[in-house]
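Step one of this worksheet: look at the structure below.
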Amino acid sequence: MQSIANKACIVGVGHTEYSKDSGRSELKLATEAIGTAIADAGLSPVDIDGITKYTMDNNDPIDIARNLGIPRLRFFGEVAYGGGGGPCGTILMAAMAVATGQAKAVVAFRAMNERSGRGTARFGQAPTDESVTGVKSYMSPYGLFSPAQMVALAARRHMHLYGTESKHFGEIAVACRHHANMNPDAMMYGRPMTIEDHQASRMIADPLHLLDCCLETDGGAAVVITTPDRARDLKHVPVHIASAGLGGGAWNHLHILKDVEAPHTESTVIADHLFGDAGITQADIDVLFVYDHFTPLVMMAIEDYGFCKRGEGKDFVGNGRLRWPDGELPLNTSGGNLSHGYMHGMQNNIEAVRQLRGTARCQVKDADFAFIAAGNAVPTSAMILRRDGA
Amino acid sequence: MSTPDVKSVLAFPYPVPEVGAEDYWQAANDERLVMQKCDACAKLRFTPAPICTHCGDDQFTWAELSGKGKIITWTVITHPIHPAAVAKVPYVVVVVELDEQPGLRMVSNLIDAEVGEDGSAPTITFYAAVSVAFEPHPSGQKLPMFRLV
Ligand SMILES: [Zn+2]
């Protein structure tokens, strides 16, 4: 079977600081992050001939090319569904471009002022439009606006069906915060959190507490993708894309109201071919990255990607399994969307690359394979990265 | 001197029917809950859609529902993120499965339920029976909402 497996690698990573107010434009953030990633690869802008972006990113590829000094773009593309399609979908698209020879080296990026609102509206706030139409007209008139409120509906259902409790969701938040406290770049560095803190945090949308919800962040993050052949001459040992995919399905008819009982989910659509293409199983994964917009959805992703059975997530996430260094499957080792910075999942890609280069702060010993899942409950994307030589 | 837009501050947004959904909202104004019933496979679908989400046929008839259903899940909103929510919290968003067809679900509000300021809602339970009620939005559009039976 033909797939993208092992036909492309990530050779450079770069990001700005993650903050509540960057004080500069989204274009500036994008050019800084991309410029840093290109330099990290040992390349210069003239070597880059492709850009992939999240559809919802406000930056125009041509503006980026002009400002960075990228003279010729032979490939540009964008991936829909925000933090679902974007984080790994932009990398899949870039990988396909270089693997087919349509481009030589492509950057995938995300840059936004989501917290300060300098260009991007805050996702946790309701728009104050007087009217709505289409799918929103069946939700907003009832005061159902934010992703957190929608996820609360799915979380309560999961709790009812499987006996999951809020404290089990809390294990995920605590693991991410644990890692952020070893990462001076993390927005929540120096702010330890316990399960008791999680339980005491204010209710955002019952049963979701504040500490079940991701940060809001200004910043930029980027990675550079090229072929294994070209990667040999570059600065770092390449990190291979062992497999990658996009997944969606008809059950998302209200876009984000997740049907917990659905026999198939966006995650299960991808899972089989992702592991098949990479030629490994879930047991081979050394370090786990799951897009942590809301802790209940992380648990559902862990279940639906087959790390445990559906309904077993509450036990799987316990006993420190997700915490470095002693846990057997550390999760989001730089702190994730919850505690590092909400760079729409791109920050997890960068940390996964560092794990497989062997340069992470919370370095998992002998890490060969990283699994990266983008946001679920919307059409999503995921990938498996492989250490060079593994 | 301009006056503040009171409606946008004090009310949640009102629905503007998309093409194909006009009859749903008009029926709500007439205090009837209707959904599209496929002429080919007789399945109901929601939200309004141009073709049957079960079989793909594009012929349908608007069918009136009993308005009876059960609570599949809910959340009590205590933290206002919309200006109109400040005066409304705590309020209850429910997902209701309608009696006519397994899996036929809609989002709405549960009204007149006992809800504490802290979000506690002792009378709301999974699969509790509910019945539709039509509540006017300040725009004049009536919205299908539900009450515990
Ligand atoms: Zn049909």
Count of the stretch B:38-57 residues which are open to solvent by 10 Å² or more (accessible area, probe 1.4 Å) and either within 9 Å of the ligand (Cβ to nearest atom) or in the same structural domain as B:Val132 (by TED's automatic domain parsing) (or both) = 11
request  = Name the single residue, out of those in the stretch B:31-83 being at the interface with another protein chain (Cβ under 8 Å from one of its Cβ atoms) and hydroxyl-bearing (Ser, Thr, Tyr), that is farthest from A:Ala126 (Cα to Cα).
outcome  = B:Thr53
note = Flagged in the stretch A:1-26 as over 30 Å from A:Gln102 (Cα atoms) and outside any loop (DSSP other than H, G, I, E, B), in numbering order, are A:Ser19
message = Condition (residue is among the charged types (D, E, K, R), within 14 Å of chain B (Cβ to nearest Cβ) and not in a helix (DSSP H, G or I)) applied to the stretch A:131-148: is it met by at least one residue?
response = no
ask   = Taking interchain pairs and intrachain pairs at least six residues apart, which have beta carbon atoms under 9 angstrom, with the first residue in the stretch A:352-376 and part of a helix (DSSP H, G or I) and the second modelled with pLDDT of 95 or more and among the basic types (Lys, Arg)?
value = A:Arg354/A:Arg361; A:Gln355/A:Arg387; A:Leu356/A:Arg386; A:Leu356/A:Arg387; A:Arg357/A:Arg387
message = When you check B:Leu33 against the structure, is it open to solvent by less than 60 Å² (accessible area, probe 1.4 Å), within 16 Å of the ligand (Cβ to nearest atom) and touching a residue at least 60 places away in the same chain (Cβ under 8 Å), yes or no?
response = no
key: Sole residue being open to solvent by 10 Å² or more (accessible area, probe 1.4 Å) and closer than 22 Å to A:Ile204 by Cβ, chosen from A:Phe294, A:Phe275   = A:Phe294
inquiry  = Anything in the stretch A:19-62 that is β-branched (Val, Ile, Thr) and touching a helix residue (DSSP H, G or I) at 6+ places or on another chain (Cβ under 7 Å)? List them, or say none.
reply    = A:Thr31, A:Ile34, A:Ile38, A:Ile48, A:Ile51, A:Thr52
Candidates A:Arg177, A:Arg122, A:Arg115 - the one that is under 19 Å from the mean Cα position of the chain (by Cα) and surrounded by fewer than 16 Cβ atoms within 10 Å (Cβ to Cβ) = A:Arg122
task = Could you give me the residue pairs with C-beta distances under 6 Å whose first residue belongs to the stretch B:51-69 and is over 17 Å from B:Val19 (Cβ atoms), whose second residue is more than 8 Å from the ligand (Cβ to nearest atom) and of a type in the set (A, V, I, L, M, F, W, C) wherever it lies, and which are 6+ apart or on separate chains?
result = B:Glu64/B:Val34; B:Leu65/B:Leu33; B:Leu65/B:Leu98; B:Gly67/B:Leu33; B:Gly67/B:Val132; B:Gly69/B:Val96; B:Gly69/B:Leu98; B:Gly69/B:Val130
Test: residue in the stretch B:5-28 that is open to solvent by 60 Å² or more (accessible area, probe 1.4 Å), within 16 Å of the ligand (Cβ to nearest atom), assigned to a loop (DSSP other than H, G, I, E, B) and modelled with pLDDT of 95 or more = no
task = Select from the stretch A:215-234 the residues that are touching a helix residue (DSSP H, G or I) at 6+ places or on another chain (Cβ under 6 Å) and open to solvent by 10 Å² or more (accessible area, probe 1.4 Å) and list them in ascending order.
result = A:Thr227, A:Leu234
task = Quick one: which strands (runs of 3 or more DSSP E) lie wholly within the stretch B:44-149 and hold at least 2 residues that are hydroxyl-bearing (Ser, Thr, Tyr)?
result = B:68-77
request  = Go through the stretch B:94-114 and give me each residue that's open to solvent by 40 Å² or more (accessible area, probe 1.4 Å) and within 17 Å of A:Leu144 (Cα to Cα).
outcome  = B:Arg105
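The values are calculated or read from the model by the stated rules, or taken from the named source; none is laboratory data. Source: prediction; values computed, not measured. Note: ideal-geometry Cβ built from the backbone for every residue, glycine included; neighbour counts use all protein chains shown. To get the accessible areas, we keep the full protein, side chains included, count just its heavy atoms, and leave off ligands, DNA and RNA. Shrake-Rupley method; radii C 1.70, N 1.55, O 1.52, S 1.80 Å.
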